[in-house]
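Notes follow the structure.
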Amino acid sequence: MEVGNKEKLLKESHRVAVHGNAEDVDDKVPPVSATFLTAVEPVATDRVVLAIDLDCFYAQVEIVSRPELREKPVAVTQQHIIVTCNYVARKFGCRKLINTGDAVKSCPELILIKGEDLTRYRVANELVHQAVRSVCGPNTRIEKLGLDEFFIDTT
């Protein structure tokens with residue numbers, strides 16, 4: 001099975017598990033066969049892997065460096081798209097992957113920060129990685145996915 005199709009089927013199985021058979025949730029994904037659902041059921045293993053996803057990571061990096069933004073709606077952009085926003089901005093309907101113009105319409109006070117230069121985010125990612133490593137120990141397998149996600153084999 002191609003990776004793209006497998007990802008679609010995983011997405012559909014997650015949708016069904018979370019939302020039941022609600023048709024309006026995401027009709028672009030084909031239905032999952034009973035055979036595939038059986039194939040993705042948890043299997044017995046001796047491994048324990050934790051997934052860590054740092055929510056609104058890019059916005060948090062900006063807020064840490066500029067504490068005066070803490071209570072203000074903040075969004076980080078890349079090429080006129082919101083890549084993340086803080087919880088204050090989310091209260092006004094701002095969310096990731098929307099056009100900056102639409103975001104400003106929903107939240108006129110929104111502070112837009114260009115995030116094309118990833119240097120600061122890479123530095124912050126390395127600090128988080130070092131913190132995780134110091135807690136888990138030097139022999140723990142830690143894998144990064146992007147700048148804001150980690151998988152930790154705690155076995």
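Counting only protein heavy atoms, what percent of the accessible surface of the range 52-155 is carbon or sulfur at a 1.4 Å probe?
Details: 3530 of 6400 Å².
Percent of accessible area from carbon and sulfur atoms in the range 52-155: 55.
Rounded to the nearest 20 Debye, what is the dipole magnitude of the range 76-155 about its Cα centre when Lys and Arg each give +1 and Asp and Glu each give -1 at the C-beta? Let's see the in-between values first.
Working: 11 positive and 9 negative charges, 36 e Å.
Computed charge dipole of the range 76-155: roughly 180 debye.
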- Message: Using only alpha-carbon positions, what ratio does the radius of gyration of the range 50-92 give when scaled by 2.2 N^0.38 Å?
- Response: 1.17
- How much solvent-accessible surface does Phe151 expose, in Å² to the nearest 10, with a 1.4 Å probe and all protein chains in place? 80 Å²
- Amide H neighbours of Cys107 under 5 Å, at least 5 residues apart or on other chains, H built in the peptide plane: list them. none
- Karplus ³J(HN,Hα) for the range 81-98 (6.51 cos²θ - 1.76 cosθ + 1.60, θ = phi - 60°; Hz, whole; x = Gly/Pro) runs 10, 6, 9, 6, 8, 7, 5, 4, 5, 5, 4, 9, x, 6, 8, 6, 6, 10
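For an R0 of 41 angstrom, estimate the FRET efficiency from the Cβ-Cβ distance between Arg122 and Asp46 and round to the nearest 0.05. All intermediate terms of the calculation are to be shown ahead of the outcome.
Numbers: r = 34 Å, r/R0 = 0.83.
After rounding, the FRET efficiency stands at 0.75.
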- Loop-located trypsin sites (Lys or Arg not before Pro) in the range 44-98 whose Cβ has at most 13 other Cβ within 10 Å (DSSP): Arg47, Arg70, Lys91
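For the pair Lys91 and Phe151, what calculated FRET efficiency results from E = 1/(1 + (r/R0)^6), where r is the Cβ-Cβ distance and R0 = 30 Å, to the nearest 0.05? Present the calculation step by step, with values, prior to reporting the outcome.
Numbers: r = 31 Å, r/R0 = 1.03.
For R0 = 30 Å, the calculated efficiency reads 0.45.
The values are calculated or read from the model by the stated rules, or taken from the named source; none is laboratory data. Quantities reported herein were computed from a predicted structural model and do not represent experimental measurements. Methodologically, a virtual Cβ is constructed for each residue, glycine included, from the backbone with ideal geometry; neighbour enumeration extends over all protein chains shown. Surface accessibility is based on the protein's heavy atoms, side chains included, excluding ligands, DNA and RNA. Shrake-Rupley method; radii C 1.70, N 1.55, O 1.52, S 1.80 Å.
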